[in-house]
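A.B. asks: I am attaching a structure below and will ask some questions about it afterwards.
The values are calculated or read from the model by the stated rules, or taken from the named source; none is laboratory data. Everything numeric in this text was worked out from a predicted model, so none of it was measured. Cβ: placed from backbone, ideal geometry, glycine included. Neighbour counts: every protein chain shown. Each accessible area value is taken on the protein alone, full model and side chains, heavy atoms only, with ligands, DNA and RNA left out. Shrake-Rupley method; radii C 1.70, N 1.55, O 1.52, S 1.80 Å.
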Amino acid sequence: MAWLRYALGMAEQDRRARVAIERVTPQVDGGRFPVKRVLGGELEVEAFVFIDGQDAVQAVLQVRTEGEKDWEDLPMHRVGPDRWAGRCVPGEVGRYAYRVVGWPDRFQTWLQGLRKRLDAGLDGSLELSDGVALLHRYAETSDPPLRSQLMGLAERLPTEGLALLDENALAVVSASDPRRLATVSSVYEVVVDPARAAFSAWYELFPRSASPDQTRVGTLRDVQTRLAYVAELGFDTLYLPPIHPIGRVNRKGRNNRISAEAGDVGSPWAIGSEEGGHTSLHPELGSLDDLDRLVEAARGRGIEIALDMAFQCAPDHPWVKAHPDWFARRGDGSIKYAENPPKKYQDIFPFDFETNDWRGLWDALRDVFLFWGEHGVRTFRVDNPHTKPFPFWEWCLREVKRVHPDAVFLSEAFTRPLVAERLAKVGFTQSYDYFPWKNTKGEIEAYFSDLSRNLDFLRPSSWINTPDILSEYLQLGGRPAATVRLVLAATLSANYGVYGPVFELGEVTPREPDSEEYLDSEKYEVRHWMLEQPHSLRRLVRRVNRIRQDHPALQRDGNLRFHNTSDDAVICFTKSCDEDVVLVVANVDPTGARSAWIELDTEALGLDTGRPYQVHDMLGEERFLWSGARNLVQLDPRVQPAKIFRIRHRIRSEADFEYYT
């Protein structure tokens with residue numbers, strides 16, 4: 001079928017078009033899906049643009065916003081044999097289309113031929129007359145101002161020759177080129193997201209556990225008072241699990257007991273009751289006005305409120321009665337509850353996306369996003385998106401972004417890699433990655449190196465823990481393990497998250513052996529947290545987030561470089577952005593001290609190996625004078641299992657070096 005696609009493509013252009021355009025980058029799956037960029041960032045497009053024979057070619061990058069008909073020309077320039085590059089800096093969030101256009105540059109071809117003749121000592125009068133004719137043809141298709149200038153050039157060319165064709169004259173000719181027999185590449189798309197899509201730090205808390213009063217359930221007003229704490233820690237996104245009414249039928253008890261007892265509050269992910277469904281607020285949490293005030297107060301502190309969107313229903317959700325055909329049924333006619341063996345979710349009914357009323361279901365779920373969007377929420381964490389169809393997400397997320405182009409969607413897809421990647425391709429802005437289970441040096445290096453292949457469409461978000469994930473590493477490694485995981489998550493990825501306050505307070509007791517579930521989990525009960533604890537990691541969290549905010553190198557992905565170490569328990573990597581170079585060295589063994597020689601790629605880092613350079617540990621506030629590629633680092637988990645260095649270039653002598661104790 002490839003020949004058919006080629007033939008169909010040629011039919012859209014003049015078959016006499018001779019310029020070839022190949023290997024346009026960036027693109028995802030041949031242009032089937034858009035690439036992703038953020039506001040303020042560049043879209044750099046490269047392509048091979050060439051022609052048969054020796055004729056000159058010209059190329060431009062064309063860009064337009066979604067819905068527009070006219071293309072904007074942006075210059076491209078040669079960066080290698082037959083390779084051209086251009087760039088654009090989108091001025092607003094939204095979806096853009098781009099393509100490359102190439103055509104035979106007849107005037108440059110003529111000019112090159114004339115110069116060769118003159119350089120060879122041959123007569124060029126006939127070629128000058130050809131040039132005049134060419135300028136006349138350009139003038140025929142030009143606007144009056146350009147036409148006048150072209151006619152003037154044509155009149156003077158026979159007498160003045162090459163001396164006439166200075167930089168200004170050539171610019172006039174180039175601007176008037178009719179681009180006869182141009183070749184147009186396929187059209188590609190780019191989604192431009194707000195800056196927070198590429199750099200963010202998420203903090204998760206349960207509103208019902210935010211009360212300072214142990215005699216009552218927390219509210220959204222309590223969450224608003226917690227904003228100062230979240231801001232102090234340095235997080236810019238506050239993520240709330242579902243805030244909707246919780247079902248009473250088949251409600252789960254504490255620690256996921258099948259039957260609830262009096263006073264059990266149930267799981268927030270069992271959405272819906274007689275009080276309402278996905279567009280309702282749990283009455284104990286407050287009112288929609290309280291939510292509006294929370295969103296506004298958070299933005300005043302530079303914090304976005306993120307809501308959890310879980311597309312499933314409790315048995316007493318209003319949709320179960322109003323739309324019974326939206327749910328799959330067993331042979332006995334009962335609705336099938338959700339299962340992920342051995343886990344059973346008797347309090348949840350999944351949707352049947354193959355229902356005959358799929359359009360009604362799709363519209364209703366889209367409207368859930370739009371409803372909360374109208375209340376100022378533009379960031380959503382989506383629960384288990386891999387259990388819903390790809391076509392639904394591609395349609396739904398695009399529809400929501402038509403209304404709210406600044407919307408950000410975090411995909412919770414702990415599933416097969418290809419499934420997670422497909423969800424990113426169809427529109428999810430960020431994606432949970434598998435960081436919680438990558439603990440050794442080899443695992444981390446291999447995994448994050450692999451992630452770097454997909455950054456045109458997938459933005460990884462590294463989470464240290466979640467209400468569902470208490471890793472064995474955290475359970476057994478104590479404070480050193482928590483410290484290392486914090487440093488790694490916050491520096492390996494530009495987007496990271498933590499489920500607190502259990503993290504900073506060091507709660508690591510599993511519900512049962514070999515389980516990643518927390519004992520006395522907030523998923524099933526209200527907790528009251530005493531945040532002012534001497535053992536809290538809050539100061540370390542605040543320091544790490546401040547380092548991220550101060551260093552552009554840590555605010556992007558795609559600049560990660562691993563370096564060799566002499567110990568397999570010590571991992572070393574750098575992230576660079578212009579002059580900002582951050583070096584991270586961590587001991588992934590939480591049980592023992594390690595000393596390791598690290599070997600930096602000094603050429604890649606722009607370090608002059610003939611001069612010393614300073615490394616400043618921004619966690620321990622120590623400074624060291626290093627030289628060359630190999631240097632020794634000691635990491636004791638009982639003291640400081642990880643270091644985040646700032647590399648200072650151009651140390652001329654020890655007099656430039658500041659010593660701190």
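A.B. asks: Scan segment 256-276 and report the pairs whose first residue is on the phi > 0 side of the Ramachandran plot and whose second residue is among the small types (Gly, Ala, Ser), with Cβ atoms within less than 8 Å and a gap of 6+ or a chain change.
C.D. replies: Every condition considered, the pairs that remain are Asn256/Ser521; Gly266/Gly247; Gly266/Ala260; Gly272/Gly247; Gly272/Ala314.
A.B. asks: Right, another one. Among the residues of segment 573-585, are any β-branched (Val, Ile, Thr) and either more than 23 Å from Gly606 (Cα to Cα) or without any contact (Cβ under 8 Å) to a residue 12 or more places away in the chain (or both)? Walk me through how you get there before you give the answer.
C.D. replies: The initial filter retains those residues of segment 573-585 that are β-branched (Val, Ile, Thr), namely 574, 581-582, 584-585.
Going one step further and asking which of them are either more than 23 Å from Gly606 (Cα to Cα) or without any contact (Cβ under 8 Å) to a residue 12 or more places away in the chain (or both), we end up with none.
No, the conditions are met nowhere in segment 573-585.
A.B. asks: Then there is this: So how many residues does segment 211-226 have that are of a type in the set (Gly, Ala, Ser) and over 18 Å from Pro245 (Cβ atoms)?
C.D. replies: Total satisfying the criteria: 1.
A.B. asks: Count, please, the residues in segment 581-624 that happen to be in a strand (DSSP E or B) and surrounded by fewer than 16 Cβ atoms within 10 Å (Cβ to Cβ). Before you say what the answer is, go through the steps one by one.
C.D. replies: First pass over segment 581-624, keeping only residues in a strand (DSSP E or B): 581-587, 594-599, 613-617, 622-624.
Okay, now just the ones that are also surrounded by fewer than 16 Cβ atoms within 10 Å (Cβ to Cβ), so 595, 597, 599, 622.
The qualifying residues number 4.
A.B. asks: Looking at Val541, Val502, Val526, which one is modelled with pLDDT of 95 or more and either surrounded by fewer than 19 Cβ atoms within 10 Å (Cβ to Cβ) or farther than 19 Å from Trp463 by Cβ (or both)? Can you show your working first?
C.D. replies: Details: Val541 fails: either surrounded by fewer than 19 Cβ atoms within 10 Å (Cβ to Cβ) or farther than 19 Å from Trp463 by Cβ (or both); Val502 fails: either surrounded by fewer than 19 Cβ atoms within 10 Å (Cβ to Cβ) or farther than 19 Å from Trp463 by Cβ (or both).
Only one candidate qualifies: Val526.
A.B. asks: Tell me the residue from Arg652, Arg630 that is modelled with pLDDT of 95 or more and open to solvent by 60 Å² or more (accessible area, probe 1.4 Å), please.
C.D. replies: Testing whether each residue is modelled with pLDDT of 95 or more and open to solvent by 60 Å² or more (accessible area, probe 1.4 Å) leaves just Arg630.
A.B. asks: Where the second residue is open to solvent by 60 Å² or more (accessible area, probe 1.4 Å) and the first is closer than 15 Å to Phe503 by Cα and lies in segment 522-534, which pairs have Cβ atoms under 7 Å and are six or more apart or on separate chains?
C.D. replies: These pairs meet every condition: His528/Gln214.
A.B. asks: For the list (1) open to solvent by less than 50 Å² (accessible area, probe 1.4 Å); (2) within 26 Å of Arg511 (Cβ to Cβ), I need the number of the one condition that Glu261 fails.
C.D. replies: All conditions pass for Glu261, except number (1).
Here's the yes/no breakdown for (1) closer than 30 Å to Gln475 by Cα; (2) out of contact with any Lys or Arg (no Cβ under 9 Å at 6 or more places or on another chain); (3) among the hydrophobic types (A, V, I, L, M, F, W, C):
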position: Pro341; (1), (2), (3): yes, yes, no
position: Thr355; (1), (2), (3): no, yes, no
position: Arg381; (1), (2), (3): yes, yes, no
position: Cys396; (1), (2), (3): no, no, yes
position: Glu412; (1), (2), (3): yes, no, no
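A.B. asks: For the condition over 28 Å from Lys523 (Cα atoms) and not in a loop (DSSP other than H, G, I, E, B), what is the one hit in Phe457, Phe448?
C.D. replies: Values: Phe457 fails: not in a loop (DSSP other than H, G, I, E, B).
Only one candidate qualifies: Phe448.
A.B. asks: When segment 86-115 is examined, which residues are found to be open to solvent by less than 10 Å² (accessible area, probe 1.4 Å) and assigned to a helix (DSSP H, G or I)?
C.D. replies: Within segment 86-115, Phe107, Leu111, Leu114 meet the criteria.
A.B. asks: Further, regarding this structure: Counting just the residues of segment 43-74 that are farther than 14 Å from Trp103 by Cβ and loosely packed, with under 13 Cβ neighbours inside 10 Å, which one comes out nearest to the chain's Cα centre (by Cα)?
C.D. replies: Top of the filtered list is Gly67.
A.B. asks: Another question about this same structure. Look at segment 452-475 and say how many of its residues are free of Cβ contacts under 8 Å to residues at least 24 places away in the same chain and of a type outside the set (Lys, Arg). Explain how you work it out, then say what you get.
C.D. replies: Taking segment 452-475 and keeping what is free of Cβ contacts under 8 Å to residues at least 24 places away in the same chain, we get 453.
From the residues that got through so far, the ones that are of a type outside the set (Lys, Arg) too are none.
Here the count works out to 0.
A.B. asks: Right, here's the next one. Hey, any hits in segment 173-186 for a residue that's β-branched (Val, Ile, Thr), open to solvent by 60 Å² or more (accessible area, probe 1.4 Å) and on the phi < 0 side of the Ramachandran plot? First the steps, then the outcome.
C.D. replies: Our first condition is that a residue be β-branched (Val, Ile, Thr); within segment 173-186, this holds for 173, 183-184.
When the remaining residues are screened for being open to solvent by 60 Å² or more (accessible area, probe 1.4 Å), the result is none.
Within segment 173-186, not a single residue is β-branched (Val, Ile, Thr), open to solvent by 60 Å² or more (accessible area, probe 1.4 Å) and on the phi < 0 side of the Ramachandran plot.
A.B. asks: Considering every residue within segment 506-521, establish whether at least one is under 25 Å from Gln640 (Cβ atoms), aliphatic (A, V, I, L, M) and free of Cβ contacts under 8 Å to residues at least 60 places away in the same chain.
C.D. replies: yes
A.B. asks: Given the residues Leu486, Leu470, Leu492, which is the only one that is buried (at least 23 other Cβ atoms within 10 Å of the Cβ), closer than 19 Å to Trp437 by Cα, among the aliphatic types (A, V, I, L, M) and out of contact with any Pro (no Cβ under 7 Å at 6 or more places or on another chain)?
C.D. replies: Leu492 is the lone residue from the list that is buried (at least 23 other Cβ atoms within 10 Å of the Cβ), closer than 19 Å to Trp437 by Cα, among the aliphatic types (A, V, I, L, M) and out of contact with any Pro (no Cβ under 7 Å at 6 or more places or on another chain).
A.B. asks: Then there's this: How about segment 48-79: which of its residues are in contact with a Ser or Thr (Cβ under 7 Å, 6 or more places away or on another chain) and aliphatic (A, V, I, L, M)? It would help to see each step written out before you state the result.
C.D. replies: The first filter runs over segment 48-79 and keeps only residues in contact with a Ser or Thr (Cβ under 7 Å, 6 or more places away or on another chain), leaving 55-56.
Scanning segment 48-79 gives a single hit, Ala56.
A.B. asks: How many residues does segment 422-440 contain that are touching a residue at least 24 places away in the same chain (Cβ under 8 Å), of a type outside the set (A, V, I, L, M, F, W, C) and touching a helix residue (DSSP H, G or I) at 6+ places or on another chain (Cβ under 6 Å)?
C.D. replies: 5
A.B. asks: I'd like the residue in segment 548-563 that is within 16 Å of the chain's Cα centre (by Cα) and hydrophobic (A, V, I, L, M, F, W, C) and, out of all such residues, is most open to solvent (accessible area, probe 1.4 Å).
C.D. replies: Leu560
A.B. asks: For residues that are acidic (Asp, Glu) and within 31 Å of the chain's Cα centre (by Cα), scanning just segment 293-348, find the one that is most open to solvent (accessible area, probe 1.4 Å).
C.D. replies: Residue satisfying both the conditions and the ranking: Glu296.
A.B. asks: Since Ala364 meets every condition but one in (1) at pLDDT 95 or above; (2) under 23 Å from the mean Cα position of the chain (by Cα); (3) not polar (S, T, N, Q), which condition does it not meet?
C.D. replies: (2)
A.B. asks: Can you tell me which residue among Val223, Val249, Val217, Val192 is outside any helix (DSSP H, G or I), farther than 22 Å from Val368 by Cα and either open to solvent by less than 40 Å² (accessible area, probe 1.4 Å) or charged (D, E, K, R) (or both)?
C.D. replies: Val192
A.B. asks: Among residues belonging to segment 1-35 that are at pLDDT 50 or above, open to solvent by 30 Å² or more (accessible area, probe 1.4 Å) and part of a helix (DSSP H, G or I), point out the one that is nearest to Arg64 (Cα to Cα).
C.D. replies: Gly30
A.B. asks: Here is a follow-up. Give me the residue from segment 441-450 that is hydrophobic (A, V, I, L, M, F, W, C) and in contact (Cβ under 8 Å) with a residue 24 or more places away in the chain and, out of that set, surrounded by the most Cβ atoms within 10 Å (Cβ to Cβ).
C.D. replies: The extreme case among them is Phe448.
A.B. asks: May I ask you to list the residues in segment 116-170 that are open to solvent by less than 60 Å² (accessible area, probe 1.4 Å), in contact with a Ser or Thr (Cβ under 8 Å, 6 or more places away or on another chain), part of a helix (DSSP H, G or I) and free of Cβ contacts under 8 Å to residues at least 40 places away in the same chain?
C.D. replies: Ala139, Leu146, Leu150
A.B. asks: Restricting attention to segment 40-54, report how many residues are assigned to a loop (DSSP other than H, G, I, E, B) and either within 30 Å of Arg196 (Cβ to Cβ) or at pLDDT 95 or above (or both).
C.D. replies: Total satisfying the criteria: 5.
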